1. What span do the alpha-carbon atoms of segment F:1-148 cover on each of the three principal axes, reported in whole Å from largest to smallest?
2. Sum up the lysine pairs in segment D:3-131 that clear both bars: alpha-carbon distance under 20 Å and a spacing of 8 or more or different chains.
3. Over segment A:1-46, calculate the relative contact order: mean separation of alpha carbon pairs under 8 Å at least 6 apart, over the residue count, as a percent.
4. Using modelled backbone amide H atoms (1.01 Å from N, in-plane), which distant-in-sequence or interchain residues come within less than 5 Å of B:ILE60's amide H?
5. Given a Förster radius of 56 Å and the C-beta distance between B:GLU147 and C:HIS151 as r, what FRET efficiency does 1/(1 + (r/R0)^6) yield to the nearest 0.05?
6. Suppose every K and R has +1 on its Cβ and every D and E has -1 on its Cβ; what is the size of the dipole of segment G:3-131 about the Cα centre, in Debye to the nearest 20?
7. Residues in segment B:25-56 near a label at B:MET1, defined as backbone nitrogen under 12 Å from the 7 Å Cα→Cβ point?
8. Starting from the exponent 0.38 and prefactor 2.2 Å, build the expected Rg for segment E:17-92 from its residue count and divide its actual Cα Rg by it.
8 protein chains.
Amino acid sequence: MDVQIVLGSISDKEIAKKAVDVLKEFGVEYDVTVASAHRTPERVENVIKEAHEKGAKVFIAIAGLAAHLPGVVASKTVKPVIGVPVDSNLDGIDALLSIAQMPSGIPVACVGIGRGDNAALLACEIIATKDETIQEKLRKYRGRMAEKIEHDANALGL
Amino acid sequence: MDVQIVLGSISDKEIAKKAVDVLKEFGVEYDVTVASAHRTPERVENVIKEAHEKGAKVFIAIAGLAAHLPGVVASKTVKPVIGVPVDSNLDGIDALLSIAQMPSGIPVACVGIGRGDNAALLACEIIATKDETIQEKLRKYRGRMAEKIEHDANALGL
Amino acid sequence: MDVQIVLGSISDKEIAKKAVDVLKEFGVEYDVTVASAHRTPERVENVIKEAHEKGAKVFIAIAGLAAHLPGVVASKTVKPVIGVPVDSNLDGIDALLSIAQMPSGIPVACVGIGRGDNAALLACEIIATKDETIQEKLRKYRGRMAEKIEHDANALGL
Amino acid sequence: MDVQIVLGSISDKEIAKKAVDVLKEFGVEYDVTVASAHRTPERVENVIKEAHEKGAKVFIAIAGLAAHLPGVVASKTVKPVIGVPVDSNLDGIDALLSIAQMPSGIPVACVGIGRGDNAALLACEIIATKDETIQEKLRKYRGRMAEKIEHDANALGL
Amino acid sequence: MDVQIVLGSISDKEIAKKAVDVLKEFGVEYDVTVASAHRTPERVENVIKEAHEKGAKVFIAIAGLAAHLPGVVASKTVKPVIGVPVDSNLDGIDALLSIAQMPSGIPVACVGIGRGDNAALLACEIIATKDETIQEKLRKYRGRMAEKIEHDANALGL
Amino acid sequence: MDVQIVLGSISDKEIAKKAVDVLKEFGVEYDVTVASAHRTPERVENVIKEAHEKGAKVFIAIAGLAAHLPGVVASKTVKPVIGVPVDSNLDGIDALLSIAQMPSGIPVACVGIGRGDNAALLACEIIATKDETIQEKLRKYRGRMAEKIEHDANALGL
Amino acid sequence: MDVQIVLGSISDKEIAKKAVDVLKEFGVEYDVTVASAHRTPERVENVIKEAHEKGAKVFIAIAGLAAHLPGVVASKTVKPVIGVPVDSNLDGIDALLSIAQMPSGIPVACVGIGRGDNAALLACEIIATKDETIQEKLRKYRGRMAEKIEHDANALGL
Amino acid sequence: MDVQIVLGSISDKEIAKKAVDVLKEFGVEYDVTVASAHRTPERVENVIKEAHEKGAKVFIAIAGLAAHLPGVVASKTVKPVIGVPVDSNLDGIDALLSIAQMPSGIPVACVGIGRGDNAALLACEIIATKDETIQEKLRKYRGRMAEKIEHDANALGL
């Protein structure tokens, strides 16, 4: 298993799905579960421990409000942790700052508000640093995006 | 020991001192230490455990940036936790939101940015709910504040 | 009566209900009423006075916009005052700052925007500092939350 | 006496002086004192009562942070209340929102952050609605500002 | 005619109606029209000139976005100008800052976002500084608000 | 004369100088003066009228706080108006929003906070749409910037 | 062809349409296409190159989120570039800052959030600096806006 | 060479130094240069191309204001790109949003404002996903941080 996804709450499911869809498309193995940094601190520890045992290379933590989950995960692993802020309130600016503004020493890789897809792509890029197959898939993914935009341009009709 | 104060970083010392000064003035016993939610998660757990053993009734957690310390403490105790946001960046709005916007189920009592004094006064108020002596001291403290303001008014000279 | 809840406006009722539901669940006695800091300053004073007579240990004040109610209550009691910001405009950031940024000397315990539930839990934690029964109930409440999350994890289906 | 100025704290003195200087220039009688909405709620009431007795037509309330003073004054008088937000923290946006975002029914006239001068000019404009002498002075004041700007233009040297 | 209301756009009509309703209730004479600071600068000048001729004592200017209308009106009269920010975008914070942050010398009395009612009440308070009848009506209006809140308290049912 | 620069206040001189320096470097003729939208509305009109007579093709308006100057200029000319927000308070976000958020129909070209240099470059780009000499100078200017950065890269020493 | 419009995403179509409608009304020739700064950087370069060949005088770039498109276009042309921030998240403040806060040397003319119409009007103003016909059309357009507002004033019915 | 660091401007040198110091400490090979996304778009392309040739596994891009550099780099590589926002203005919130809010498809890993150290640590974590030596060094680094905090706690003296 390569990527461990953790949701702070089941209400973040829609954003987790965006990540899962990308990982499936890239054929990257993942585990996904719910564990709240505040309500289930021990569960978070267990999830991390088991993920380590299963060989997880990257963590994706999804959370809203005072979004401590990515930071809590990062405090207990030296694997890269990607944080996805969720818009539960204040348009998600609270979650964005709670994830991005980590103190010196414990990094979290923050992506955009609600960007489960980009979290998964970043995870793929990290795995691809030593996996040419995924790197190739990433290039093709970008090719398809470019084609999609060319198609949009033709369909614009303005 | 009644109040356990935890600083996320020794750079928050000045704000912790405001809290300590108030607690001394009220004769409330306290312990104060440094423990980072991100850099020393186990130390935080130990601090909480020992504080419980020493009979701590209230926790004060002081932190800046993605200020997870108060929330992390709150996730491991059912004692009241008071969070003090520190202005390390963005005028402290990142810390304020990281502390105030806790999710349902795990409350933190957030005071103003840099307000170590108010955190201590709130701790005293909590202890005073069953301690008439402290309650009386709180009333006198307010009396002195009022006198100070009357004195200021006379000294204004405008 | 242990907890006095005050709403700045009847439009905050839904958030007050979240607090009431928690207090009922914990068997904590409460009073709840409407009193506006700006439109009925005298009524606020009377509510506080009567609450004191009924033995209130904690106040919960719920308000939006320039949310002065928690601060006004805090200025007239040395009991702990918990403030709940309401999102009436600007996503509630105006209310959050009006409650959290209290000046030196008069603390208010600010919880998250719309978090009536956490206000009540914090009130329970304060009361529980000398009431083992409530403390035990708090621990069980957390246990149920943890179970709920484990259940969510199993039901996730991603 | 026409204008009652109230400072929430003696630290706001510099901004109060800007107001006083304008009122002196216009020959408008004023009283100025310190009274904190939170630390001395009774003193605020007394200041308002005495101001009414002295015939105050307008109130100017100056405060920072969770700046409740203007709203508290407004809740106890039907005279116009002008609020001046002070930059104590967060560049004064907390005070600005605490003053501007008053709920329906109790208006406060909010001026810019730190704008004691404009508060006094607005007070003069209010008094001038039935006082031709002050109105004439206001027009001359504007004439002098315009001359000052013409002079600045000539001195620009770019 | 006592109060001249100006809308920056007909889309602000709903907020203007709140002001009109209050002025009608207080029996204060008003004129209301649309004039855009940016799209019809000359029309704004004419509206002000005619309002002066009709004896207007107070101006209320309602505008959203880069809300210059209140400031433009204030630059051409020494009568008190009340500005009402409208939420057209960014929750109205753009309009609030465009109105509240006037430079030294030209005051605008800013009320809350969308608060046409408070603008009218403030206008009444200004007129009432020399009109005992309106002052009495203001007191009664507050009495009715207080009764409404007492009624709400009884109807709360929590 | 090609570019009319207007400062809302002589305190914006430093930012105007950045614009003037660029225009001198490009050999573009300019006029620069001070005129406040709020304090000298007639002066602003006269400045625009005279600028039209002198053949001005572009306006640059520099202002802080509730920065109405660019919008007021734009309301009285169909020449392109470039607005430069000044940081007088709130880090300049008030001025930025007051300039950028113009309503439909009257555009202002907003540049970055304090960016007098970019305002002048944009003015040159506008003039250059039919002036090959200036276009060539713009390309060379960019070439020099690129060389400067290459030089910086070599001097970095990390 | 005079104006090249580029959308960062087909989801910005509605805002592009506002620009197109204005350009059609003014009889200004334009091209419109989709090209993403991030997903199709080469396509953006090609669009610019072809626009140059077709004689484009002004660029309009429309983008949301981390809206780099206007800046990327500006980095590759010395023609004036107008940026239109789109509200995809955070009410568009992210896009506004990403467009307005360009560094020294590469200007972008930022208009209001979602203001495709103003972008087109600004483009017309730029073209009109040497085209009396368009200038005349701009004056007439403003005349029609003024008439519309007069009509609104008569239809207000308050 | 493992990590390519790019500064948008030589003024970001101090923050780059924090990254360099960490990479040196971990014995990770790096290249560091200056290249502006806006002022030298071709240089950025060349830097990326050469970095690819030298075997770069991760990019760190440091930029302020409308901080497009990380996004521009990300648009031209499928290697992980870490963005470091710099506080040049608005406390760095403009740069933070310009980096974090990347659109779907092109991820950037955003760290805290000014956090060059965390960018380098994240780069090490990414490299360490397949390098046990670096992973071990990361664990030791955390151990030293924990010791430092224990030492701080003992030295606190409150």
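Each reported figure results from applying straightforward, stated rules to the coordinates on display, with no laboratory input. Because the structure is predicted, anything quoted here is derived from the model rather than measured. Positions of Cβ are generated from backbone atoms using ideal geometry, with glycine treated the same way; all protein chains shown enter the neighbour counts.
1. Answer, in whole Å and largest first: 41, 36, 30 Å.
2. 16
3. On the way: 47 pairs, mean separation 22.1, N = 46.
After rounding, I find 48 percent.
4. Under 5 Å from the amide H of B:ILE60 lie the amide H atoms of B:GLN4, B:ILE5, B:VAL6, B:ILE82, each far enough along the sequence or on another chain.
5. On the way: r = 57 Å, r/R0 = 1.02.
The calculated FRET efficiency here is 0.45.
6. 260 debye
7. B:29-34, B:46-56
8. 1.11
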